[in-house]
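Student: Following this message is one structure expressed as structure tokens.
The values are calculated or read from the model by the stated rules, or taken from the named source; none is laboratory data. These figures come from a predicted structure and were not determined experimentally. Glycine gets a Cβ as well: all are built from the backbone with ideal geometry, and neighbour counts include every protein chain shown.
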Amino acid sequence: MTVAIAVLVVVAAAAISAIAGAPLIGLMLRAVQPGVEMRGLLRGGMWIGILERIIVTVSIAVGEPAAVAVVVAIKGLGRYPELRATKPDERADASERFIIGTLASLVWASALGIAARLMVQAWVL
């Protein structure tokens, strides 16, 4: 039964991270960059962010924080060509949006992963 509770806690943390993270990060980006529209730039950002938060939350919750480095590396390498190809006058805004969004997403997902890990350790072990 204790394994089932641990799995349930980790799945719940991942779901909260993914579902609540998207609007939370969006609100933060709008607060930090009011009036900046990035239509067409950084396509798929919301879906990438959701997957990123799930992976980060689960990896920290199960005690594998090294996976966070892999996520950051893949995301950075994957976005670099798109950011580099952006028009010079839009590049600064796009890069700033990418960095702020990524860091906010990582902090949110990490916090939920840590909370899930502490809950599992307190209740199950």
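Student: When the residues of region 38-53 are filtered to those that are surrounded by fewer than 17 Cβ atoms within 10 Å (Cβ to Cβ) and assigned to a helix (DSSP H, G or I), which remaining residue is modelled with the lowest pLDDT?
Tutor: Once the filter is applied, the top-ranked residue is 46.
Student: For region 90-125, give me each residue that is without any contact (Cβ under 8 Å) to a residue 60 or more places away in the chain, surrounded by 14 or more Cβ atoms within 10 Å (Cβ to Cβ) and not polar (S, T, N, Q).
Tutor: Residues satisfying the conditions are 90, 91, 94, 98, 106, 111, 114, 117.
Student: Here's a follow-up. Take the conditions closer than 30 Å to residue 123 by Cβ, modelled with pLDDT under 95 and assigned to a helix (DSSP H, G or I) and apply them to residue 31. Does it pass?
Tutor: Values: closer than 30 Å to residue 123 by Cβ: no; modelled with pLDDT under 95: yes; assigned to a helix (DSSP H, G or I): yes.
No; evaluated as a whole, the condition is false for this residue.
Student: Can you find a residue that is at pLDDT below 85, closer than 17 Å to residue 103 by Cα and surrounded by 13 or more Cβ atoms within 10 Å (Cβ to Cβ) anywhere in region 55-70? Show your work before the answer.
Tutor: Applying the first criterion (at pLDDT below 85) to region 55-70 yields none.
No.
Student: Now, a different point. Within region 20-37, is even one residue charged (D, E, K, R) and surrounded by 15 or more Cβ atoms within 10 Å (Cβ to Cβ)? It would help to see each step written out before you state the result.
Tutor: Filtering region 20-37 down to residues charged (D, E, K, R) leaves 30, 37.
Pick out the ones that are also surrounded by 15 or more Cβ atoms within 10 Å (Cβ to Cβ) and you get none.
No.
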